[in-house]
1. Report the full-extension gain for the segment residue 39 to residue 79: residue separation times 0.36 nm, less the Cα-Cα distance, to one decimal in nm.
2. What angle do you read, to the nearest 10 degrees and between 0 and 90, between the alpha-carbon axis of helix 75-91 and the longest principal axis of the chain?
3. Could you state the orientation-averaged shadow area of the convex hull built on the Cα atoms of the chain, in nm² to one decimal?
4. Mean residue ellipticity at 222 nm from the helices of the chain, using -39,500 (n - 2.57) per DSSP H segment of n ≥ 4 over the full residue count, to the nearest 500 deg cm²/dmol?
5. What angle, in degrees between 0 and 90 and rounded to the nearest 10, separates the Cα long axis of helix 14-30 from the longest principal axis of the Cα atoms of the chain?
6. Relative contact order for the chain: what percent, with Cα pairs under 8 Å and sequence separation of 6 or more?
7. Pop a pseudo-label 7 angstrom from the Cα along the beta-carbon direction at both residue 31 and residue 60 and give the gap in nm to one decimal.
8. Could you identify which residue out of 63, 33, 52 has the top mean-square fluctuation in a GNM of the chain using Cα springs shorter than 10 Å?
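Laboratory data are not the source of any read-out in this text; all were calculated from the coordinates shown. These numbers were taken from a predicted model, which means no experiment stands behind them. We place every Cβ from the backbone using ideal geometry, glycine too, and count neighbours over all the protein chains shown.
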């Protein structure tokens, strides 16, 4: 298994953090077809060829996504898409 690990700073207040987690949950479910479970500030998700966890702390977000065999060749593309999404949701609340 190949893994993507991320840590990204933010300055979101509590309401914005909750909104960002909700948007991520919706995206994972609706666009990627993932099964998502939410516990306070953490999302756990799994879909076809990937699984992971994202935790939203008061000043940074951390995550780890494990890619299955078929997704490994796309690791670089997936990392760039994740980084673009983080910038969009965490820098422009």
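1. Numbers: separation 40, 0.36 × 40 = 14.40 nm, distance 2.44 nm.
Additional length available on full extension: 12.0 nm.
2. 10 degrees
3. Details: hull surface 21.3 nm².
Averaging across all directions leaves 5.3 nm² for the Cα convex hull.
4. Details: 2 runs with 34 residues, N = 93.
Result for the chain: -12500 deg cm²/dmol, rounded to the nearest 500.
5. It works out to around 30 degrees.
6. Numbers: 137 pairs, mean separation 33.6, N = 93.
The value is 36 percent.
7. 2.5 nm
8. Comparing 63, 33, 52 in a Gaussian network model of the chain, the most mobile one is 33.
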